[in-house]
Amino acid sequence: MPADPHPQPGVESEAGVEAGVEAGAGAERPAGTWPAPVRRPTGRDVARLAGVSQATVSLVFSGAEAGRRVSEATRERVREAARSLGYRPQAAGRQLRLGRSGMIMLAVPNLQGPFFGRVLEGVHHEAGRHGLAVVVSSGWGSATLAEAATAGRFDGLLICSPDDSQLGELPPDTPAVFLDADPGTDRARPTVELDVGGGMRAAVEHLAALGHRRIGHLRSTHAAYTFRVRQAAFEQAVRELGLEVVELGVSLNEGYAAARTVAGELLERADRPRAVICDDDVVASGVYQAAAERGLRVPEDLSVVGMDNIAVAGLLAPPLTTVDLPGEDLGRAGAAALAGLLRGEPVEPVAPLATSLVRRSSTAPAPA
């Protein structure tokens, strides 16, 4: 059929679109301009190529039980046509029908915390497998979470390493999963834990095995379950091993500068320890800097152990001995549990994820 010689204003025939693309493919565009965007393929294009109706295309990509009325051979023909055209079905209409936004929120205490980048990587990977997009937020409190849960902007919440001020009452119908949190926080909702206590004990035992009898501890001042567990494990380990302890608190949210200042206070003590354990690797990097400023060498004069195993741990000089907290696995397990809740499935409890001591070059035997 020939192209309409008198097309309506603003409407191009398909032949005209294809001719325009071919004619302009190699033509130079005027300076300061951009080529017009290529028209996205539609369900009508897929239907025409597959030799089916638009209704059939809609059924195939609906995600609903009705789609099963279409034979497998036809469904595959439609999918192949969609792949060849680069067609992506619009999710908005389907999500509106299902009463969902297609988005989940990952709430973390501090967007600048490198460990939470590891968690996000795992969440993003697993959420993508379930067709979910991820939004990350920090600086939230219990009221903010409750508002986000009831406003319909998010299908569910992942709440990572919350402190006590952030644990208000969530609406009972809000799908939520807690990560690196007290399993008693909300027994009606899943919690995925890390064995941070076991990791801290491994760090203390490592230094004790190297002959260190006096150990410094730069501990977090934040009221979060994960740090309470670390502190309890540290205290139990040093008590059982008969070690002496020098402890100072540091605000992890204030980052490297605060860690460097507090580390300086520790190292200027007349009875400074020859080994120190830090509640995260950023604090450990502050210890490195404070030691260098005072002419102390790691590990000859000071053994240092961190916790998290973020990327910088292996880049420090010397590379940092640290406890690996598998943030990616934590994120994946949490997102999988949340996806199950959104499908209305029962979610089985997840055993605490194992941690491990990564031995590098920042620790050495205690001086004789």
Exactly one of (1) open to solvent by 40 Å² or more (accessible area, probe 1.4 Å); (2) among the aliphatic types (A, V, I, L, M); (3) within 20 Å of A233 (Cβ to Cβ) is unmet by V283. Its number?
(1)
Residue selected from the range 343-356 under the condition of a type in the set (A, V, I, L, M, F, W, C) and in contact with a strand residue (DSSP E or B) (Cβ under 7 Å, 6 or more places away or on another chain), by the criterion least open to solvent (accessible area, probe 1.4 Å):
L353
The lone exception for A143 - which of (1) open to solvent by less than 40 Å² (accessible area, probe 1.4 Å); (2) at pLDDT below 80 it fails
(1)
Mind listing whichever residues of the range 109-124 are surrounded by fewer than 16 Cβ atoms within 10 Å (Cβ to Cβ) and at pLDDT 95 or above?
E121
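To keep it simple, each residue is scored yes or no on (1) modelled with pLDDT of 70 or more; (2) surrounded by fewer than 21 Cβ atoms within 10 Å (Cβ to Cβ).
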site	(1), (2)
A107	yes, no
L132	yes, no
V135	yes, yes
A151	no, yes
F154	yes, no
L157	yes, no
T174	yes, yes
Only one of T221, T226 is farther than 19 Å from L302 by Cβ, touching a helix residue (DSSP H, G or I) at 6+ places or on another chain (Cβ under 9 Å), among the β-branched types (V, I, T) and open to solvent by less than 10 Å² (accessible area, probe 1.4 Å); which?
T226
Do you know which of the residues in the range 288-342 that are among the small types (G, A, S), under 22 Å from Q112 (Cα atoms) and in contact with a helix residue (DSSP H, G or I) (Cβ under 6 Å, 6 or more places away or on another chain) is surrounded by the fewest Cβ atoms within 10 Å (Cβ to Cβ)?
A290
Test: I215 is aliphatic (A, V, I, L, M), open to solvent by less than 50 Å² (accessible area, probe 1.4 Å) and at pLDDT below 95:
no
Filter the range 169-222 down to the residues that are small (G, A, S), more than 30 Å from D271 (Cα to Cα) and touching a Pro at 6+ places or on another chain (Cβ under 7 Å) and list them by number.
A181
Residues to consider are V276, V298, V245; find the one that is part of a strand (DSSP E or B) and touching a residue at least 60 places away in the same chain (Cβ under 8 Å).
V276
Per-region count, the range 248-270, residues open to solvent by less than 40 Å² (accessible area, probe 1.4 Å), part of a helix (DSSP H, G or I) and of a type in the set (V, I, T):
1
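Let's see how each residue does on (1) assigned to a helix (DSSP H, G or I); (2) open to solvent by 80 Å² or more (accessible area, probe 1.4 Å); (3) at pLDDT below 80:
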residue: S62; (1), (2), (3): no, no, yes
residue: A73; (1), (2), (3): yes, no, no
residue: A81; (1), (2), (3): yes, no, no
residue: G93; (1), (2), (3): yes, no, yes
residue: R100; (1), (2), (3): no, yes, yes
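The values are calculated or read from the model by the stated rules, or taken from the named source; none is laboratory data. Worth saying up front: this structure is predicted, and the values here are computed from it rather than measured. No Cβ is skipped: glycine too gets one built from the backbone with ideal geometry, and neighbour counts run over all protein chains shown. In case anyone asks, the SASA skips ligands and DNA or RNA and just uses the protein heavy atoms, side chains included. Shrake-Rupley method; radii C 1.70, N 1.55, O 1.52, S 1.80 Å.
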